[in-house]
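One structure is given below, encoded as structure tokens.
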Amino acid sequence: MKALKLHPLIVDIALGLLMLLFSYTAMSKLLEQEMFVFQMKLSPFPMMDKLAPLLAWFLPTTELLIVCFLIFRKSRKLGLILSIALLSVFELYILWMLFSGLHLPCTCGGLMAKLSWKGHLAFNAMFILLSFIALRPDRPSPNPLHPFQRIFNASRSENRL
């Protein structure tokens, strides 16, 4: 039961960290947009040189939209799902960079640009985990016993009759 009482605090911390992450990365991309576009154009993905200017607005806008969704309780679930989706796309990109053997700079802005690709992988995985934790419902199930425990308890009470 203690874990269930801690859950709202853990969710609040997770939400705060996610909002901080997306706010920071969005602002960093917007403030250093020319560098962000330049680094994206270095990517070996086809058509990236043409898509980079569009992505330079789309990604930070999406990140700020996720922050807005996370703020309000009614849209929080959507914000967490979008958070998982966006972080998973970033995670796939990082995996591709790791396995391709290319040594391109990270298009992240600010402090995160200093992380290695493996560091980014762990960092994003942690935030994906935080998103899943925050998605988990915080109310206990009507009967928290394991299904086998319920069956065992039911059969014991029948034997007493």
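Just rank K118, K41, fewest to most, by other beta-carbon atoms within 10 angstrom.
Going from sparsest to densest Cβ surroundings: K118, K41.
Got a sec? Charge dipole of the stretch 1-118, +1 on Cβ for Lys and Arg, -1 for Asp and Glu; which of P60, L20, L98 is way out at the positive end?
Of the options given, the answer is L20.
Within a 10 angstrom radius of the beta carbon, how do W96, W117 rank from fewest other beta carbons to most?
Details: W96 14, W117 17.
So the ranking, lowest neighbour count to highest, is W96, W117.
Using the count of nearby Cβ atoms within 10 Å as a rough guide to exposure, how do E34, E91, E63 rank from fewest to most?
Arranged by neighbour count, lowest to highest, E34, E91, E63 become E34, E91, E63.
No value in this document is a laboratory result; all are computed from the given coordinates. Note that the structure is predicted; figures quoted are calculated from it, not measured. With ideal geometry, Cβ positions are generated from the backbone for all residues, glycine too; neighbour counts draw on all protein chains shown.
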